[in-house]
Amino acid sequence: MKIAVFSSQPYERPLLDAANAHAGHELIHLDASLTLLTAPLAAGCPALSIFLNDNASAPVLERLALRVADIVTLHCPLTPATRHIVNADTLATMKQGVMLINTGRGALVDAVALIEALKRGHVGFVGLDVYEEEADLFFRDLSDVVITDDVFMRLLTFPNVVITAHQAFFTHEAVAAIAQTTIDNVSGFAAGAPPERARVRRVVA
């Protein structure tokens, strides 16, 4: 697959190329960050890789390929610019029968608009590992609890929607790495050193 890599940094290019050595994709490294003006640089690339400061706003996505993409996957952080980046307007722009996958943050998708697109048959398939109001729904057994989130319950009724309850990261290796980093940070804190990573289980001293 031909992939446009926006905001490609010299230090990461050898690592991306090495990771790609056996996969055989064609990586197009671009110094430019993704904007409405630079989006045409991705012409001919069915996939692109973007970085934190790239512009993944609706106009940019539409210009890139929402109209022709068979699969749209979301992996970006949640910022004011990306909140509900998938909404009624962007969904209407997407190809009939599109598959939407969200493994980023729940609020990237306007769930109410998604439900309407599913009801019309415009969206063909949905995979959600995250949900905007997931704090009260995921990570614990709710078998004996009445769930009052009608939007979430409506999503569960569609046979072409799969919700994995923020479990996509939940491999043995990932949890082991989180556990090890947490303990390393506790040890570092006790020794007066700053934590090495922020995205770990929180420890309050």
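In debye to the nearest 20, how big a dipole does region 124-178 give about its Cα centre with +1 on each Lys and Arg Cβ and -1 on each Asp and Glu Cβ?
The dipole of region 124-178 has a size of about 180 debye.
Counting Lys and Arg as +1 and Asp and Glu as -1, each charge on the Cβ, what is the dipole of the chain about the Cα centre in debye, to the nearest 20?
I would put it at about 300 debye.
Work out how far the C-alpha atoms of region 15-54 reach from end to end along every principal axis, then list the three figures in whole Å, largest first.
Rounded to whole Å, the extents work out to 33, 22, 13 Å.
Have a look at Val86, Gly124, Leu37 and report the one farthest towards the positive end of the charge dipole of the chain, computed about the Cα centre with Cβ charges (Lys/Arg +1, Asp/Glu -1).
Leu37
Semi-axes of the equivalent ellipsoid for the chain, please: Cα gyration tensor eigenvalues, times 5, square-rooted, ordered largest first, whole Å.
One finds semi-axes of 30, 28, 15 Å for the chain.
Work the Kirkwood hydrodynamic radius out for region 4-120: mean of 1/r over every pair of different alpha-carbon atoms, inverted, in Å. Spell out each step's value before the answer.
Details: mean 1/r = 0.0663 Å⁻¹.
Kirkwood radius, region 4-120: 15.1 Å.
Just subtract the alpha-carbon distance of Ala168 and Asp31 from 0.36 nm times their residue separation and send over the number in nm, one decimal. Don't jump to the answer; show the numbers that get you there.
Details: separation 137, 0.36 × 137 = 49.32 nm, distance 3.08 nm.
46.2 nm is the gain from fully extending Ala168 to Asp31.
For region 31-37, what does the Karplus curve 6.51 cos²θ - 1.76 cosθ + 1.60, with θ = phi - 60°, yield as ³J(HN,Hα) per residue in whole Hz, taken in order and with x for Gly and Pro?
Once θ is set to phi - 60°, the couplings for region 31-37 become 5, 5, 7, 7, 9, 4, 6 Hz.
How large, in Å, is region 69-167 by the Kirkwood hydrodynamic radius built from its alpha-carbon pairs?
It is 13.7 Å.
Throughout, read-outs are computed from the coordinates displayed, never taken from laboratory work. All values reported here derive from a predicted model rather than from experimental measurement. Neighbour counts run over all protein chains shown; Cβ positions are idealised from the backbone, glycine included.
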